[in-house]
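**Student:** What follows is a structure written as structure tokens; I'll ask about it next.
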Amino acid sequence: MMSKRAPLAIPFICIFSFYWGLSQGQAPTIYLGAGHGKINVTASSELEQSNWDERATAQKAASGDGLHEPHFLASRFLAQATFGADQNTIDHVVDVGYEAWIDEQMAIPATNMLEKIYAVHEEVNRWFLDNGGDSTEITGRPGWVRFNYAWWDANVRNKDLLRQRVAFALSEIFVISVQSELEGFGDGLASYYQVLSNHAFGNYRDLLRDVSLHPCMGFYLSHLNNPKTNLEENTRPDENYAREIMQLFSVGLYELNNDGSRKKDASGHDIPTYGQNDIKEMAKIWTGLGVGDIIPNMYEEEAYFGAGIYSADMTVPMQMYGDYHEPGEKTLLGGKTIPAGQSGLEDIESAIDVLFNHPNVGPFISRRLIQRLVKSNPSSQYIERVSLTFNNNGTGVRGDLAAVIRAILLDEEARDCGRIEDSDSGKLREPFVRYTHFARALHTEQYYDRFWNAGYNFWQSTGQGVFAA
């Protein structure tokens with residue numbers, strides 16, 4: 001990518017004050033960027049491109065020329081709410097305000113990542129053939145590199161800035177990884193990311209269900225092709241997803257107060273949220289799921305329980321194969337009973353209800369979303385305010401993620417710059433997000449109008465990328 005224009009660099013910081021003690025009891029306040037005659041500024045280069053209005057002398061770093069507090073604050077807000085913003089976006093937030101900008105963003109439809117990856121896949125294959133490539137060497141489905149092409153192209157030119165940032169935050173909670181056999185299933189990765197972006201402003205219950213039924217999650221956490229108990233073969237249901245959906249996606253390890261602090265028993269000990277028997281009972285719920293469809297091939301005519309991912313259509317939700325689902329009553333968290341006689345999918349819906357309505361979910365998920373977007377060490381008060389919004393959006397709805405995201409971004413702890421002087425405040429942006437901020441901040445052009453980035457070198461250097469856990 002080449003820089004088309006050198007925009008005014010706006011740091012994502014608040015205005016800091018520095019105090020220089022000159023005499024006893026006297027300390028003038030010097031504002032960084034507000035101008036001070038005794039500050040000498042030197043630059044390593046005085047570069048001036050032909051299309052720039054001024055030379056890059058760095059004088060404005062301390063002169064105060066162009067300093068405008070609303071732009072600094074808007075820039076800081078966008079650093080939390082997006083993958084990066086250019087000058088026009090910052091100007092727009094200054095003009096309309098934070099709440100109106102959030103309203104605008106939530107009304108923008110999600111970028112269709114599946115359409116994007118199919119278009120990339122087709123173009124790469126066409127280019128390969130046009131340049132003398134052998135058609136027998138073309139892969140039937142896109143891999144993770146082409147998913148990265150599609151993701152980067154989308155996130156350099158897209159309009160749904162807030163939705164994509166929230167989807168990425170969710171991908172760091174509902175983790176799948178290309179450091180598995182999923183690296184060969186770029187269409188599945190795009191489909192999974194689409195689930196996250198579609199539900200970014202939806203209801204958490206729906207997100208929890210749809211993530212659980214996605215074949216990429218089923219493969220990664222091993223509840224795909226998970227059969228019921230077989231006493232003759234001495235096998236029991238796989239417990240992996242039963243454990244992870246509780247520990248990582250909903251209730252966590254210990255009972256929580258709304259402010260995220262741990263509840264204590266009469267002896268002052270933490271109270272575990274679940275035990276081994278809860279895991280065994282939950283594991284019964286996640287039996288009987290197999291691939292929902294297969295791609296055309298010469299060996300299989302239709303999907304079946306036990307079919308592997310190599311013939312599966314990884315964009316279609318898993319389906320229930322009733323003969324392989326554990327029958328009978330199941331007793332879940334808090335003694336909640338799932339009655340016998342239900343279908344496998346009805347058992348799943350009932351289990352999702354039990355998890356979703358557990359009082360831990362609000363503080364557990366609120367803390368994690370705050371940490372991904374705004375602050376690594378949120379106060380208990382911040383967590384509680386967001387958690388209460390999760391519990392009730394103001395109209396009696398639980399799990400409204402649109403309301404939760406608003407609460408996170410508009411909270412006083414997110415917007416008050418004074419807190420940044422606290423060493424426990426703020427958030428160190430991970431290298432990947434700093435990378436995207438740089439790409440978004442610049443007005444860029446590409447000769448072929450393709451913003452494709454395999455991301456391989458960056459992943460090698462930092463270990464970071466989309467689904468690179």
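**Student:** Quick one: in segment 271-320, which of the residues that are more than 26 Å from SER350 (Cβ to Cβ) and β-branched (Val, Ile, Thr) is surrounded by the most Cβ atoms within 10 Å (Cβ to Cβ)?
**Tutor:** Ranking the candidates gives THR315 first.
**Student:** Just checking, does segment 441-453 include any residue being assigned to a helix (DSSP H, G or I), over 21 Å from SER376 (Cα atoms) and at pLDDT below 90? Lay out the reasoning, then the answer.
**Tutor:** Pass one, segment 441-453, residues assigned to a helix (DSSP H, G or I): 441.
Filter once more, keeping what is over 21 Å from SER376 (Cα atoms): 441.
Those still in the list that are at pLDDT below 90 too: 441.
So far as segment 441-453 goes, yes, one or more of its residues are assigned to a helix (DSSP H, G or I), over 21 Å from SER376 (Cα atoms) and at pLDDT below 90.
**Student:** Going residue by residue through segment 87-99, is there one that turns out to be assigned to a loop (DSSP other than H, G, I, E, B), assigned by TED's automatic domain parsing to the domain that holds TYR193 and among the hydrophobic types (A, V, I, L, M, F, W, C)?
**Tutor:** no
**Student:** Mind listing just one residue for me: the one in segment 244-257 that is closer than 23 Å to GLU172 by Cβ and touching a residue at least 40 places away in the same chain (Cβ under 8 Å) and, of those, surrounded by the fewest Cβ atoms within 10 Å (Cβ to Cβ)?
**Tutor:** First pass over segment 244-257, keeping only residues closer than 23 Å to GLU172 by Cβ: 244-254, 256.
Next, only the ones that are touching a residue at least 40 places away in the same chain (Cβ under 8 Å) stay: 245-246, 248-252, 256.
Details: ILE245: 24, MET246: 22, LEU248: 16, PHE249: 24, SER250: 21, VAL251: 24, GLY252: 23, LEU256: 25.
Selected residue: LEU248.
**Student:** Working only within segment 355-388, note down all residues that are of a type outside the set (Phe, Trp, Tyr) and in contact with a strand residue (DSSP E or B) (Cβ under 8 Å, 6 or more places away or on another chain). Break it down stepwise before answering.
**Tutor:** Here is the first cut: in segment 355-388, the residues of a type outside the set (Phe, Trp, Tyr) are 355, 357-363, 365-381, 383-388.
Answer for segment 355-388, where residues must be of a type outside the set (Phe, Trp, Tyr) and in contact with a strand residue (DSSP E or B) (Cβ under 8 Å, 6 or more places away or on another chain): PRO359, ASN360, PRO363.
**Student:** Sticking with this structure for a sec: Can you tell me which residue among ILE309, ILE295, ILE338, ILE383 is among the aliphatic types (A, V, I, L, M) and under 21 Å from the mean Cα position of the chain (by Cα)?
**Tutor:** Working: ILE309 fails: under 21 Å from the mean Cα position of the chain (by Cα); ILE295 fails: under 21 Å from the mean Cα position of the chain (by Cα); ILE338 fails: under 21 Å from the mean Cα position of the chain (by Cα).
Exactly one residue qualifies, and that residue is ILE383.
**Student:** Looking at segment 150-165, is at least one residue under 28 Å from SER250 (Cβ atoms), of a type in the set (Gly, Ala, Ser) and either part of a helix (DSSP H, G or I) or at pLDDT 95 or above (or both)?
**Tutor:** There is no residue in segment 150-165 that is under 28 Å from SER250 (Cβ atoms), of a type in the set (Gly, Ala, Ser) and either part of a helix (DSSP H, G or I) or at pLDDT 95 or above (or both).
**Student:** When you scan segment 132-155, do you find a residue that is in the same structural domain as ARG440 (by TED's automatic domain parsing), in contact with a Gly (Cβ under 6 Å, 6 or more places away or on another chain) and surrounded by fewer than 20 Cβ atoms within 10 Å (Cβ to Cβ), even just one? So that I can check it myself, show each step before the final result.
**Tutor:** First, pick out the residues of segment 132-155 that are in the same structural domain as ARG440 (by TED's automatic domain parsing): 132-155.
Filter once more, keeping what is in contact with a Gly (Cβ under 6 Å, 6 or more places away or on another chain): 142-144, 146-148.
Still in the running and surrounded by fewer than 20 Cβ atoms within 10 Å (Cβ to Cβ): 143.
Yes, segment 132-155 has at least one match.
**Student:** Of all residues in segment 102-112 being assigned to a helix (DSSP H, G or I) and in contact (Cβ under 8 Å) with a residue 40 or more places away in the chain, which is surrounded by the fewest Cβ atoms within 10 Å (Cβ to Cβ)?
**Tutor:** MET106
**Student:** Related question: Can you find a residue that is within 21 Å of SER180 (Cα to Cα) and either not in a helix (DSSP H, G or I) or not hydroxyl-bearing (Ser, Thr, Tyr) (or both) anywhere in segment 197-204?
**Tutor:** Quick first cut of segment 197-204, residues within 21 Å of SER180 (Cα to Cα) only: none.
The answer is no; no qualifying residue exists.
**Student:** Name the single residue, out of those in segment 192-222 being assigned by TED's automatic domain parsing to the domain that holds ASP353, among the hydrophobic types (A, V, I, L, M, F, W, C) and without any contact (Cβ under 8 Å) to a residue 60 or more places away in the chain, that is nearest to ILE408 (Cα to Cα).
**Tutor:** Out of the qualifying residues, it is VAL211.
**Student:** Taking the criterion of being at pLDDT below 65 and buried (at least 16 other Cβ atoms within 10 Å of the Cβ), would at least one residue in segment 63-78 satisfy it?
**Tutor:** Scanning segment 63-78 turns up at least one residue that is at pLDDT below 65 and buried (at least 16 other Cβ atoms within 10 Å of the Cβ).
**Student:** Which condition number in (1) in contact with a helix residue (DSSP H, G or I) (Cβ under 7 Å, 6 or more places away or on another chain); (2) on the phi < 0 side of the Ramachandran plot; (3) not in a helix (DSSP H, G or I) is the one that GLY84 fails?
**Tutor:** Only one criterion is unmet by GLY84, namely (2).
So that you can scan it fast, the table gives a plain yes or no per residue for (1) among the hydrophobic types (A, V, I, L, M, F, W, C); (2) within 24 Å of LYS228 (Cα to Cα); (3) out of contact with any Ser or Thr (no Cβ under 9 Å at 6 or more places or on another chain):
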| site | (1), (2), (3) |
| --- | --- |
| ASP259 | no, no, no |
| PRO272 | no, no, yes |
| ILE295 | yes, no, no |
| MET314 | yes, yes, no |
| PRO327 | no, yes, yes |
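**Student:** Sticking with this structure for a sec: For the condition modelled with pLDDT of 95 or more, out of contact with any Pro (no Cβ under 7 Å at 6 or more places or on another chain) and either under 30 Å from GLY288 (Cβ atoms) or not in a helix (DSSP H, G or I) (or both), what is the one hit in ALA403, ALA351? If you could, list the steps in order and put the result at the bottom.
**Tutor:** Details: ALA403 fails: either under 30 Å from GLY288 (Cβ atoms) or not in a helix (DSSP H, G or I) (or both).
None of the others qualify; the one that does is ALA351.
**Student:** In addition: For segment 268-291, does any single residue satisfy the condition of being at pLDDT below 95, in contact with a Lys or Arg (Cβ under 9 Å, 6 or more places away or on another chain) and more than 16 Å from MET217 (Cα to Cα)? Quick ask: steps written out before the conclusion?
**Tutor:** To start, the set of residues in segment 268-291 that are at pLDDT below 95 comprises none.
Within segment 268-291 (the criterion being at pLDDT below 95, in contact with a Lys or Arg (Cβ under 9 Å, 6 or more places away or on another chain) and more than 16 Å from MET217 (Cα to Cα)), the answer is no, since none of the residues qualifies.
The values are calculated or read from the model by the stated rules, or taken from the named source; none is laboratory data. Computed from a predicted model, the values in this text were never measured in an experiment. For neighbour counting, all protein chains shown are included, and Cβ atoms are generated from backbone atoms with ideal geometry for every residue, glycine included.
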